[in-house]
Amino acid sequence: MRRGIRARHVLASGPAGPVMLTDSEVVVEDSRIVAVAGRGAATVDEVIELGDAVLLPGLIDLDALTDIDHTILDSWQSPELGLGLQWSRDYATHRRRAVFDAEERAFIREYGFVQLLLHGVTTAMPIASEVHSDWAETYADAVAMAESARRLGLRVYLGPAYRSGVNVVDDDGSRSIYWNEELGLDGFAQAARFLEWAAARDTDLIHGALLPCRIETLSEELLHRTAALAAATGVLVRLHALQGLHERAFVIERFGMPPLAVLERTGLLGPNLLIPHGIYVDSHSRVDAGTDDDVATLAASGASIVHCPLTSARHGSALDSFDRYRAAGVRIALGTDSFPPDLLRGMDIGVTLAKVRASRLDAATYGDYVSAATLGGAAALHRPDLGRIEVGATADLVAFRLGDPRDGVLDDPIRTLCMNSTGRAAEFSMVAGRITLRDGVLPGVDLPAMTRRAQALFERMRAAYSERDYRRRPTSELFPASFPAGYRGGAV
């Protein structure tokens, strides 16, 4: 079947880069784009009229939250309260448990995938918190995620997360790492098994990847094994690094060198590596390493930074700066890494932070960020068929409506979309020619039922923090309300 998708604005590929077409039509046959033309210029079997909308290449989220929202709990505490959200050493050593069973974890991941599709994401590399597990993810977890993504029509690059250690808080309130190499090697074996399973699937929706946890929680042995398996199989590796000052201190103490040097020494630094968040390099004002080499090293390596501006800002940090990394030739993709998985909100805060860091209004444009969420993500995945609207490309498309009166007046469609709207304006999406979102609705998904169940699981997840806290404080103390409670039904 040939479908003609028509919209007022279409961001298509031109000879020198993306161009915005007006009143145009994208013709899709099977999984490919076969024409980009004016309305009615091509013969089609079905017309999909999107009206006053901007049609973009499908958005690519390479640090895509597939979890119950936890940033609402862990991004605003004082330092002392924040310690209570880590595992205590006693919990890690003697009492750790999975808060959710396998079926509940599968539901949570599917809930996350639904949220991604509702916000216009068509390709995702999932991430979930290990705080609520008994150690990390399993082979069975990854298979369940893959099957869920295939049912929904979301393209995923995934594998079970694994680690040798976990950040813990000791009885005196100090932070350290609790190590269990046996669990780390078992998790790596399950990740290797999943790569074989994924390679046997006959679908572009499922791709195996190696997704070890944060660099400070991996032993050198596990880093070397990850690099060797990636080299042997050609798969991508995503490893959170250059993310925080505690990470940098732990890595220097253990390895005698900073995180980027460890990535080089273990063979991981290269074109197949994706690094969320890539912030704390040697030139960062809070690192004060006395050198300015890391950004150039990143650019030369071909590794990709997965920039998550909204999540970084919520935790008090920012890339320094988007403009500088881009000018140096660092490959930049985008991720959300928190709820909501709204890349448009991320683009807006990213542009704003870039202005602040550089003290220039032109430090980054919304076009730069849209390109990072499309072409940048495609480059990180080594998928030149993604992230663009052109003949021969895979038919990954997303349309955001622009006619909402709350968006105000229309200027440039990209600036209006990013500054005045959100990812909730997603009206239509298509992944490899399959319609996954139409009129803002996901076919066959009972959103009210999912929301009710997610809320119940969130309440249980929230309650479980108390048993992990090194001081065993109640949730009322760990998560104080924004305002004190008053009296119901009357005056205070």
task = Determine which residues of region 381-395 fall in the zone a paramagnetic label at Glu29 would reach in this model, i.e. backbone nitrogen under 18 Å from the point 7 Å along Cα→Cβ.
result = 390-395
query = Can you tell me the Rg and Dmax of the chain, counting just the alpha carbons, in angstroms?
reply = 22.5, 72
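Restricting to the chain, what percent of DSSP beta bridges are antiparallel, rounded to 5? Can you show the working numbers first?
Working: 38 of 66 bridges.
About 60 percent, rounded to the nearest 5.
Return the FRET efficiency for the residue pair Ala463, Thr22: r is the Cβ-Cβ distance, R0 is 41 Å, and the value is rounded to the nearest 0.05. Please report the intermediate quantities before stating the final value.
Working: r = 53 Å, r/R0 = 1.29.
Efficiency at R0 = 41 Å is approximately 0.20.
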query = From a point 7 Å beyond the Cα of Glu181 in the direction of its Cβ, which residues of region 247-270 have a backbone N at a distance under 17 Å?
reply = 254-256, 266
message = Among Phe188, Val262, Ala200, which residue has its Cα furthest toward the positive end of the charge dipole of region 147-264, with +1 on Lys/Arg Cβ and -1 on Asp/Glu Cβ?
response = Ala200
key: Computed lengthening from Asp170 to Arg434, 0.36 nm per intervening residue step minus Cα-Cα distance   = 90.0 nm
request  = Mind pulling the angle between the C-alpha long axis of helix 102-118 and the longest principal axis of the chain? Nearest 10 degrees, somewhere in 0 to 90.
outcome  = 40 degrees
request  = List the residues whose amide H sits under 5 Å from the amide H of Glu427, counting only those 5 or more places along or on another chain, with H placed 1.01 Å from N in the peptide plane.
outcome  = Ala399, Phe400, Arg401
ask   = Separation between the Arg360 and Ser482 pseudo-spin-labels, each 7 Å from Cα along Cα→Cβ, expressed in nm?
value = 3.6 nm
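Taking the Cβ-Cβ separation of Arg95 and Ala232 as r and a Förster radius of 30 Å, what is the calculated FRET efficiency to the nearest 0.05?
Values: r = 38 Å, r/R0 = 1.26.
Efficiency at R0 = 30 Å is approximately 0.20.
Two-decimal Rg/Rh of region 23-85 from alpha-carbon positions, Kirkwood Rh?
On the way: Rg = 22.0 Å, Rh = 16.4 Å.
Result: Rg/Rh = 1.34.
Looking at region 246-350, which trypsin sites (Lys or Arg not before Pro) are in a loop (DSSP not H, G, I, E or B) and have at most 11 other Cβ atoms within 10 Å? Please report the intermediate quantities before stating the final value.
Details: sites: Arg248, Arg254, Arg265, Arg286, Arg314, Arg324, Arg326, Arg331, Arg345; in loops: Arg286.
When the trypsin sites (Lys or Arg not before Pro) of region 246-350 are filtered for loop state and at most 11 Cβ neighbours within 10 Å, Arg286 remain.
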ask   = Quick one: if the Förster radius is 22 Å, what FRET efficiency do Trp76 and Arg472 give, using the C-beta to C-beta distance and rounding to 0.05?
value = 0.55
Length gained when the stretch Asp45-Leu447 is fully extended (0.36 nm per residue, less Cα-Cα span) = 141.6 nm
ask   = Which whole-number percentage describes the relative contact order of the chain, with Cα contacts under 8 Å and a sequence gap of 6 or more?
value = 20 percent
query = About its Cα centre, what dipole magnitude does region 59-386 give when the only charges are +1 on Lys and Arg Cβ and -1 on Asp and Glu Cβ, stated in debye to the nearest 20?
reply = 620 debye
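Given only helices, namely DSSP H runs of n ≥ 4 each adding -39500 (n - 2.57), what is the per-residue ellipticity at 222 nm of the chain, to the nearest 500 deg cm²/dmol?
Values: 17 runs with 172 residues, N = 492.
Helix contribution divided over all residues of the chain: -10500 deg cm²/dmol.
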ask   = Helix 139-152 versus the longest principal axis of the chain: what angle, 0 to 90°, nearest 10, using Cα atoms?
value = 20 degrees
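Here, each number is a calculation from the coordinates, and none is a lab measurement. It should be emphasised that the depicted structure is a prediction, and the values quoted were computed from it without experimental measurement. All Cβ positions, glycine included, derive from the backbone under ideal geometry; neighbour counts span all protein chains shown.
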